[in-house]
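Visitor: Structure in structure tokens, see below.
Rule-based calculations on the coordinates, nothing more; no lab input. Only a predicted model underlies this, so the values are computations on that prediction, with no experimental measurement involved. Note that each Cβ is placed from the backbone with ideal geometry, even for glycine, and that neighbours are counted across all protein chains shown.
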Amino acid sequence: MASRLTHRLTSVLLMAVAVLVAVAGIVLVSGQAAIVITHGVSMNPVYHQGDLVMVTRAPSYSVGEIAAYNLPDEDEVALHRITDGNAENGFIFKGDNNQSVDPLRPRGDELVGRAVLHIPQGGLWLKTLTSPPVLGVLAFALLTGGSAAAATRRRRKKRRLAVSRHTTTPAAPSLTFGGLPSSLRVSVGIGSALAILGVVLGVPAWSGPLDERGASQIKNDQRMDFSYTADVGQSAAYDGTTANSPDPVFRKVADTVDVHFTYFGERGTVNVTADLSTPAGWRSSVPLTGPDAFTESDYNGTVTLDLKALEAKAQAASAVTGTPAGPLSITVTPQITTAGGALFRPGLKLNLTPLQLTLNDGTTGLSVAGSSTTDQPVTTQRMLGLNGMTISAAVARFISAVLLLAALAVLVVVLVFARRAAPADEAAAIRRRYAALLVRVHPMPAPHGRPVIDVTTFPTLAKLAERYGLLVLHWSRSGVETFVVQDENITYRYRAGSEHVPAEPEPVMQAQP
């Protein structure tokens, strides 16, 4: 009866799991949902490497939502935030940790779906659980679990020559793990294992905080593009009225030059100076503008160079020092101080003579690239090491809670079914548990002159039978179950339901004191 109930319960649980797996599989296969395992740092700090994100199709998408779209010619998707656009003309995506927007503009019907579920480090666990070694172990466990649950072993002890006449043991409970069916004993073992795993994983997970504070080095890519223009009027020197970089500016037609610069990188402040120098070693710095704060990832600025004034400053220094005043080198330097404290000092190098202003490094000097690394305080998830793997404390807490709840559920179910399957009286419990030792016989009196010892519990009688290598004789009369082990000279007896022994004396002899 217990075995059938246990198998029925197992079938129901397996069916429930199968239904859930089937529903999830149908949803995933139908394309209404997808599982995304993140990699890279483009969405930090929202998502981290190895997180699991479920995305589902939606009738509409809005700016600010995180959504996924397929990358062309690649078996991957991009999971970024919608920053602008619409479903008809295409959405503009950008990673929270990226400096620039994505080059693709997918329309609404081309999106895989928007993020609805986030499991930190869940992708690492999914990859581990679906790896070939783990799947092989699970398959082996499923194939061998049923036969192992039904296997039993019996051991008999060698017969000994002597035993005490006065033997007593504590009363046994009516329900013990040893008396459970093999399938329920396996369930108890599984529940105990789940509880142990839950405690082992839960103690370090719950004994500390979920997050830790630290510093993270962030690399910022920066670039400065330069250009200059000068109003030269109508003359034979130029085809138009404006001189543009990288052409020289002839001073007979223009002595004022506008320098334009465009910055791409982290937001911050900018101030511009003109650094002057001569071959003789004289140096001076002339402030042009700033400081000016900007909050976007790019900044456009313009400064004006008065060539006569700069030349006059160099000549005044030459008059004092006696060194030559030219040729004069002019470096226009916009200094960027980022919000993270990093400095970026690109320069546009120009040469000034009495005849012209020229670009020192040619067209290569019109664009300057660089990068900076800053330490930024960050809050990261506390990680736990587990057999060479690392998981976050939040995931460990969740898994430990699931394990403990599963263990509690298994043990409660085992207790319920064990109580239902337990026999209604002690004699039935003895017959079920010790069936291999019992031999049913007709009621029989003890041989005359043989001492009879009444033991207080049946397990004591069973131990005596195993010790002597004997079977337990069993009969029932007047509602009293009698169990007897007969040694060469002594009869050991236990009565189940002995409180209902009839008043008439039993035709056996009692042990003498």
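Visitor: Which of Met43, Met54 comes first, and how do the rest follow, when ranked by fewest Cβ neighbours within 10 Å?
Guide: Neighbour counts put them in this order, fewest first: Met54, Met43.
Visitor: Write down Rg/Rh for the range 325-456, rounded to two decimals, with Rg from the C-alpha atoms and Rh from the Kirkwood relation over Cα pairs.
Guide: 1.73
Visitor: Please tell me the relative contact order of the range 217-378 in percent, rounded to the nearest whole number, where contacts are Cα pairs under 8 Å and at least six residues apart.
Guide: 30
Visitor: Looking only at the range 426-500, where both bridge partners belong to it, what percent of the DSSP beta bridges are antiparallel (to the nearest 5)?
Guide: Of those bridges, close to 65 percent are antiparallel.
Visitor: In which sequence would Leu276, Leu411, Leu79, Leu305 go, from the one with the fewest C-beta neighbours within 10 Å to the one with the most?
Guide: Placing the least packed residue first, the sequence is Leu411, Leu276, Leu305, Leu79.
Visitor: Can you compute the equivalent ellipsoid semi-axes for the range 217-378, i.e. the square root of 5 times each eigenvalue of the Cα gyration tensor, sorted largest first and rounded to whole Å?
Guide: 31, 20, 12
Visitor: As I understand it, the dipole of the range 217-378 uses +1 on the Cβ of Lys and Arg and -1 on the Cβ of Asp and Glu, about the Cα centre. Which of Gly301, Thr358, Val368 lies farthest toward its positive end?
Guide: About the Cα centre, the residue reaching furthest to the positive side is Thr358.
Visitor: Then there's this: Considering only Pro445, Asn489, Ala429, whose Cα is most displaced toward the positive end of the charge dipole of the range 426-500, charges sitting on Cβ of Lys, Arg (+1) and Asp, Glu (-1)?
Guide: Checked the options; the winner is Ala429.
Visitor: Just for the Cα atoms in the range 34-113, what are the lengths along the principal axes, largest first, rounded to whole Å?
Guide: 32, 27, 24 Å, listed from the longest principal axis down.
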